[in-house]
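The values are calculated or read from the model by the stated rules, or taken from the named source; none is laboratory data. Just so we're clear, the structure is a prediction, and the values are computed from it rather than from any experiment. Note: ideal-geometry Cβ built from the backbone for every residue, glycine included; neighbour counts use all protein chains shown. With ligands, DNA and RNA removed, areas are computed over all heavy atoms of the protein, side chains included. Shrake-Rupley method; radii C 1.70, N 1.55, O 1.52, S 1.80 Å.
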Amino acid sequence: MTAASFPAAVLFDLDGTLLDSAPDFVVTLDQLRQARGLPPVAPTRVREVVSKGSRAMLGAAFPQLDAAARDALVPAFLDTYEALIGQHARLFDGIAEMLQALEQAGSRWGIVTNKPEYLAQLILPQLGWERRCAVLIGGDTLAERKPHPLPLQVAAQRIGVAPEACVYVGDDERDILAARAAGMPSVAALWGYRLEGDDPLAWQADRLCEQPQQLWQAAAWPATA
């Protein structure tokens, strides 16, 4: 294919790439803090660690607790989040149009996330993605999770596309590491969540995109095999 064509298939990270889910997590953490007599958490502290997972978010909300005490809060965190999932989250601007552009070009797309699969599955019908999303791999679907390449490899296999013919888009370094290990071209989503000291240039993604709107155009995508 040429560099000016859309990829045959695209896999996406979910939180921080397709979905601005930080508002859901802020409310979740505020409920946990309120139950313990604590004031609301600073939303900016939560946003920068969303892509690092539940333990990182609990660390931001409960810095006074040691690792074992934060780990003990994970079940309550997940239960609270499940009860309100999607109520405050929104697609990032330009995502809906980007997915439409892919579909119009005949590309298939799916999701590979480290979020537990049962939680990711709850989001699909809220967005009308049950039939549009070709594959969904969660953080607990397989024996490995990102940055291991297995989730990306299995996702490509399930939609019948070779990894090198697929592109992975994510906002965290482990997304890019997983793609590279899978032999899959990658796009770093700079509109997502990251720590102040993170340097996306050092991730060595094939492309860096500031906004989803760039991906409306075929020329913005990395060439695939």
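At-a-glance table
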{"item": "Rounded to the nearest 20 debye, dipole of region 21-84 from Cβ charges on Lys, Arg, Asp, Glu", "result": "200 debye"}
{"item": "Label-to-label distance, nm, for residues given as residue 90 and residue 67 (7 Å Cα→Cβ offset)", "result": "3.7 nm"}
{"item": "Size descriptor, Kirkwood hydrodynamic radius, that averages inverse alpha-carbon separations across the chain, Å", "result": "17.8 Å"}
{"item": "Highest-MSF residue in the chain out of 145, 90, 47 [GNM, Cα springs under 10 Å]", "result": "90"}
{"item": "For region 18-95, with +1 on Lys and Arg beta carbons and -1 on Asp and Glu, the positive-most of 78, 60, 88 along the dipole", "result": "60"}
{"item": "R0 of 41 Å, Cβ-Cβ distance residue 202-residue 35: FRET efficiency to nearest 0.05", "result": "0.55"}
{"item": "Net charge dipole size for the chain [Lys, Arg +1 and Asp, Glu -1 on Cβ; Debye, nearest 20]", "result": "220 debye"}
{"item": "Carbon and sulfur %, accessible surface of the chain computed with the full protein complex present, 1.4 Å", "result": "51 percent"}
{"item": "Highest-first arrangement of 213-225, 156-168, where packing means the average Cβ count within 10 Å", "result": "156-168, 213-225"}
{"item": "Mean Cβ neighbour count within 10 Å, used as a protection proxy, ranking 61-69, 113-121, 174-182 highest first", "result": "174-182, 113-121, 61-69"}
{"item": "Alpha-carbon centroids, region 100-149 and region 27-52: separation in whole Å", "result": "26 Å"}
{"item": "Per residue accessible area of the chain, 1.4 Å probe, in Å²", "result": "44 Å²"}
{"item": "The chain, relative contact order in percent, only Cα pairs under 8 angstrom and at least six apart counted", "result": "28 percent"}
{"item": "Inter-probe distance in nm under a simple model that places probes 7 Å from Cα toward Cβ, at residue 142 and residue 45", "result": "3.6 nm"}
{"item": "Theoretical gain in end-to-end length, residue 219 to residue 129 [0.36 nm per residue, Cα-Cα removed]", "result": "29.9 nm"}
{"item": "Mean Cβ count within 10 Å, highest first, over the residues of peptides 28-39, 10-21, 193-204, 132-143", "result": "10-21, 132-143, 28-39, 193-204"}
{"item": "Cα gyration tensor, region 21-84 - rounded (a/c under 1.5), prolate or oblate", "result": "rounded"}
{"item": "The chain: calculated mean residue ellipticity at 222 nm from DSSP helix runs of at least 4, using -39500 (n - 2.57)", "result": "-11500 deg cm²/dmol"}
{"item": "Length-normalised contact order for region 21-84 - Cα pairs under 8 Å, 6+ apart - percent", "result": "35 percent"}
{"item": "Relative contact order computed over region 169-225 (Cα-Cα under 8 Å; 6+ residues apart), in percent", "result": "33 percent"}
